[in-house]
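The values are calculated or read from the model by the stated rules, or taken from the named source; none is laboratory data. Keep in mind the model is a prediction, meaning the values are calculated, not measured. Here Cβ is always computed from backbone atoms with ideal geometry, including for glycine, and neighbour counts include all displayed protein chains.
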Amino acid sequence: MTFITHTIVTAAGVQLFGLKGMDVFWAYTFGVFIDLDHLIKIPLYLRKYGFKKVRFYNWKTPLQEPISLSWILPLSIYFGTLVPVVAFCGHLALDYLYNPINRPLMPFSDVIVGKILPKIPSWVKEGVVLGFFGCLYIVLYLIKK
Amino acid sequence: MLIYSPLFDQKIGRLFYPLIRVIHEDLGLSPNQLTWISFGTGTLAAALILLGQIGWSMVMIVLALILDGLDGMVARRYKLVSRQGETLDNILDPVIEITLFLAIAVSGYGSIKLAVLASLAVILIRLLRKRAGFDPGFKRVVLIFGYFTNFNLALQIIFVMNLVGYIIQMLIVDYRYQIVLDKKS
């Protein structure tokens with residue numbers, strides 16, 4: 001999903017769980033900024049397509065696949081907080097609603113799985129998620145204020 | 001640090017050639033035998049930690065590290081590199097590393113949580129080591145640093161460096177896979 005959707009969902013999560021300090025940092029790192037892994041594939045994209053816009057290029061790296069729980073879970077235990085795992089699972093769920101091709105076990109296996117609820121168009125799913133979490137964020141913000 | 005550095009073997013490795021000759025030609029030790037001796041030395045180091053002989057255990061760790069480096073050098077120098085030897089090295093090295101971490105924790109020199117996390121990171125980095133051709137190498141050497149500073153700090157460094165190494169390995173393998181995908185499509 002888009003950067004905006006991930007940011008709003010994470011912001012709502014931060015409000016909902018009343019996160020503070022380092023937990024906010026972890027929530028945004030694993031809920032939003034983990035998307036920065038796409039930058040790694042820019043040279044490959046440019047080499048293949050130049051500046052032409054191509055939909056559904058495989059931008060994702062294993063850092064955004066369930067296999068990454070193999071390092072995020074130990075990291076969470078090390079820092080004594082479950083926020084990285086929860087934020088990452090949230091990010092993962094949104095991406096799996098949207099992306100048609102996912103490789104959950106990459107680089108150990110290149111098995112491909114499709115998206116969740118494939119019959120519903122991705123833009124509808126994104127709209128519902130954005131609307132729901134956007135409203136939740138506003139309501140929580142007003143209550144706390 | 002790469003798994004095998006040709007530069008190391010050509011330049012610095014030459015310094016060890018007389019020792020390698022004595023080990024292989026005079027003593028008749030094969031690379032696999034050296035691997036097992038290194039494993040035995042490492043196990044002895046773990047036992048010494050449990051007995052509270054931490055200073056002697058560090059000496060044994062240094063000895064095990066030297067032997068661990070020599071087995072590969074002997075194999076390459078005398079063209080004895082084998083899949084079996086590589087597998088043996090890949091199994092025994094993490095076993096001894098984990099044994100040492102746990103011995104440190106059980107003896108009260110370090111925390112159990114950090115020892116388990118460091119062990120997990122060492123297992124993870126072994127999974128993609130061969131395919132990625134990359135291993136940061138922060139394992140037993142860091143324990144020696146821990147002896148002079150703090151074992152908990154050493155275990156934390158081992159955990160973090162190997163976890164970061166594992167992430168880098170994932171990215172290396174995926175990047176190569178993407179190149180193949182791009183060529184196909």
Give me the pairs, please: first residue somewhere in segment B:63-83 and touching a residue at least 24 places away in the same chain (Cβ under 8 Å), second residue anywhere and part of a helix (DSSP H, G or I) and basic (Lys, Arg), beta-carbon distance under 9 Å, and either six or more positions apart or on two chains.
-> B:ALA64/B:ARG140; B:LEU65/B:ARG140; B:ASP68/B:ARG140; B:ARG77/B:ARG21
Out of all the residues in segment A:94-101, is one or more free of Cβ contacts under 8 Å to residues at least 24 places away in the same chain and either aliphatic (A, V, I, L, M) or facing chain B (nearest Cβ under 10 Å) (or both)?
-> no
A:PHE108 fails exactly one of (1) in contact (Cβ under 8 Å) with a residue 24 or more places away in the chain; (2) outside any loop (DSSP other than H, G, I, E, B); (3) over 14 Å from the mean Cα position of the chain (by Cα), namely (2)
Of all residues in segment B:137-185 being within 15 Å of B:LEU120 (Cβ to Cβ) and more than 14 Å from chain A (Cβ to nearest Cβ), which is surrounded by the fewest Cβ atoms within 10 Å (Cβ to Cβ)?
-> B:PHE138
Only residues that are in a helix (DSSP H, G or I), at pLDDT below 95 and more than 15 Å from A:MET106 (Cβ to Cβ): list them for segment A:45-73, please.
-> A:TYR45, A:LEU46, A:ARG47, A:LYS48, A:TYR49
Just need a number here: residues in segment B:140-171 that are of a type in the set (Ser, Thr, Tyr), farther than 16 Å from B:VAL59 by Cβ and not in a loop (DSSP other than H, G, I, E, B).
-> 1
If we keep only residues of segment A:40-73 that are hydrophobic (A, V, I, L, M, F, W, C) and either within 25 Å of A:VAL14 (Cβ to Cβ) or in contact with a strand residue (DSSP E or B) (Cβ under 7 Å, 6 or more places away or on another chain) (or both), then the residue farthest from the other protein chains (Cβ to nearest Cβ) is A:LEU69
Check segment B:90-98 and report whether any residue there is away from chain A (no Cβ under 14 Å), modelled with pLDDT of 90 or more and in a loop (DSSP other than H, G, I, E, B).
-> no
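Among the residues of segment B:107-115, is there at least one that is aliphatic (A, V, I, L, M), in a helix (DSSP H, G or I) and either in contact (Cβ under 8 Å) with a residue 40 or more places away in the chain or touching a Ser or Thr at 6+ places or on another chain (Cβ under 6 Å) (or both)?
Filtering segment B:107-115 for residues aliphatic (A, V, I, L, M) gives B:112, B:114-115.
Still in the list and also in a helix (DSSP H, G or I): B:112, B:114-115.
Those left that are additionally either in contact (Cβ under 8 Å) with a residue 40 or more places away in the chain or touching a Ser or Thr at 6+ places or on another chain (Cβ under 6 Å) (or both): B:114-115.
Scanning segment B:107-115 turns up at least one residue that is aliphatic (A, V, I, L, M), in a helix (DSSP H, G or I) and either in contact (Cβ under 8 Å) with a residue 40 or more places away in the chain or touching a Ser or Thr at 6+ places or on another chain (Cβ under 6 Å) (or both).
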Applying the selection to segment B:105-117, what residues are at the interface with another protein chain (Cβ under 10 Å from one of its Cβ atoms) and of a type outside the set (Lys, Arg)?
-> B:LEU114, B:VAL116, B:LEU117
Exactly one condition in (1) of a type in the set (Ser, Thr, Tyr); (2) within 11 Å of another protein chain (Cβ to nearest Cβ); (3) touching a residue at least 24 places away in the same chain (Cβ under 8 Å); (4) closer than 28 Å to A:PHE17 by Cα is not met by A:SER76; state its number.
-> (3)
